[in-house]
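The values are calculated or read from the model by the stated rules, or taken from the named source; none is laboratory data. Computed from a predicted structure; not experimentally measured. Quick reminder, even Gly has a Cβ in these numbers, built from the backbone with ideal geometry, and neighbours come from all protein chains shown. These area figures cover heavy atoms from the full protein model, side chains too; ligands, DNA and RNA do not enter into them. Shrake-Rupley method; radii C 1.70, N 1.55, O 1.52, S 1.80 Å.
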Amino acid sequence: MAQRTRRPLIGVTAGSSTMMSGAWSGHDAVTVNEQYVRALREAGARPVILAVQDQWSDEEIAELDGLVLTGGTDLDPSAWGEDALATDMIPDPQRDAFETALYRAARRNDVPVLGICRGLQIIVVAEGGELHRHLPVDLPAHPATGLEPTAVQAEVEVASDLALALGTHAEVTAFHHQGVRAVRGDLRIVARHASGLPLAVEAESGSSVLGVQWHPEIDGECGAALFESLLTAIHHREVSAPVGSLV
């Protein structure tokens, strides 16, 4: 394979919001936290913003080197057969469907995936799993992480790609009031909080998938290690790709 001459292209999912002031007040905007973009650029990648208004085909997803599913609002609970609760944030079913389709296309096309907070939850639900809807009630032993970014301790499985990036113990920044309740499909839990809440999952087979229930984009060197691990997965994918016949 020829030596890479460009930065890896990483798709970064964006949400939508209504502009609140200025000449375009009341108009919809495509929104993504700048910190995701900065973290990927600092890791040596080129971010490509993926807006829910623009569907991507399998062929187009295959042109990306990696995919980052970003944080945001709660998932629509109807995706795993439950009704809305008063504690739920307003869901965005269009974004849920968009990101779920992106994740499945990435899996089909061997594109490495990093899921962050909501992105982890998209991965888990896409694989048939379920979520805790409101941790202060569902899991009172878990710290209150739904009001502001909060430092929590993650215990990482030794035999995992995550441990290669972070070691077996890490302090990370969480900001969520929902979390993983059940993991199914091709995923395994590779990090937990002492309360028992799963904090990270990886794919058992196929393309590289890592989902974390925290925000590495604001976690300094610890967070940078996760974006670098995504680029490592991309590199491994490239060097292991079959070489075409010369005849």
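Values for this structure:
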item: Test for Pro149: is it touching a Phe, Trp or Tyr at 6+ places or on another chain (Cβ under 7 Å) and either more than 19 Å from Thr73 (Cα to Cα) or at pLDDT 95 or above (or both); result: yes
item: Residues located in segment 120-149, provided they are farther than 19 Å from Cys222 by Cα, touching a residue at least 60 places away in the same chain (Cβ under 8 Å) and open to solvent by 20 Å² or more (accessible area, probe 1.4 Å); result: Glu127, His132
item: Residue count for segment 93-117, restricted to those that are free of Cβ contacts under 8 Å to residues at least 40 places away in the same chain, surrounded by 23 or more Cβ atoms within 10 Å (Cβ to Cβ) and farther than 20 Å from Arg133 by Cα; result: 1
item: Whichever residue in segment 150-160 is within 19 Å of the chain's Cα centre (by Cα) and either of a type in the set (Val, Ile, Thr) or surrounded by 19 or more Cβ atoms within 10 Å (Cβ to Cβ) (or both) and, among such residues, is farthest from Ser195 (Cα to Cα); result: Ser160
item: When residues of segment 23-72 are limited to those that are among the hydroxyl-bearing types (Ser, Thr, Tyr) and farther than 14 Å from His215 by Cα, the one farthest from the chain's Cα centre (by Cα); result: Ser25
item: Residue match in segment 207-216 (condition: surrounded by fewer than 19 Cβ atoms within 10 Å (Cβ to Cβ), in contact (Cβ under 8 Å) with a residue 12 or more places away in the chain and either more than 15 Å from the chain's Cα centre (by Cα) or assigned to a helix (DSSP H, G or I) (or both)); result: no
item: Condition broken by Glu171, with the remaining ones in (1) at pLDDT below 95; (2) part of a strand (DSSP E or B) satisfied; result: (1)
item: Pairs with Cβ under 8 Å, 6+ apart, first in segment 55-67 and surrounded by fewer than 21 Cβ atoms within 10 Å (Cβ to Cβ), second of a type outside the set (A, V, I, L, M, F, W, C) and not in a helix (DSSP H, G or I); result: Trp56/Gly11; Asp58/Asn109; Ala62/Asn109
item: Qualifying residue in segment 42-50 (condition: within 26 Å of Glu148 (Cβ to Cβ) and open to solvent by 70 Å² or more (accessible area, probe 1.4 Å)); result: yes
item: Residue check, Leu231 among the hydrophobic types (A, V, I, L, M, F, W, C) and under 20 Å from Val12 (Cα atoms); result: yes
item: Cβ pairs under 7 Å, 6+ apart, first in segment 23-48 and within 16 Å of Leu69 (Cβ to Cβ) and of a type outside the set (S, T, N, Q), second open to solvent by 100 Å² or more (accessible area, probe 1.4 Å) and not in a strand (DSSP E or B); result: Ala45/Arg7; Pro47/Arg41
item: Looking only at segment 224-236, and only at residues there that are surrounded by fewer than 23 Cβ atoms within 10 Å (Cβ to Cβ) and not aliphatic (A, V, I, L, M), the one that is nearest to Ala39 (Cα to Cα); result: Glu228
item: Ser17 out of contact with any Lys or Arg (no Cβ under 6 Å at 6 or more places or on another chain), among the hydroxyl-bearing types (Ser, Thr, Tyr), open to solvent by 70 Å² or more (accessible area, probe 1.4 Å) and farther than 18 Å from Ala233 by Cβ; result: no
item: Elements of type strands (runs of 3 or more DSSP E) contained in segment 5-84, each with 2 or more residues being modelled with pLDDT under 90; result: 15-18, 28-31
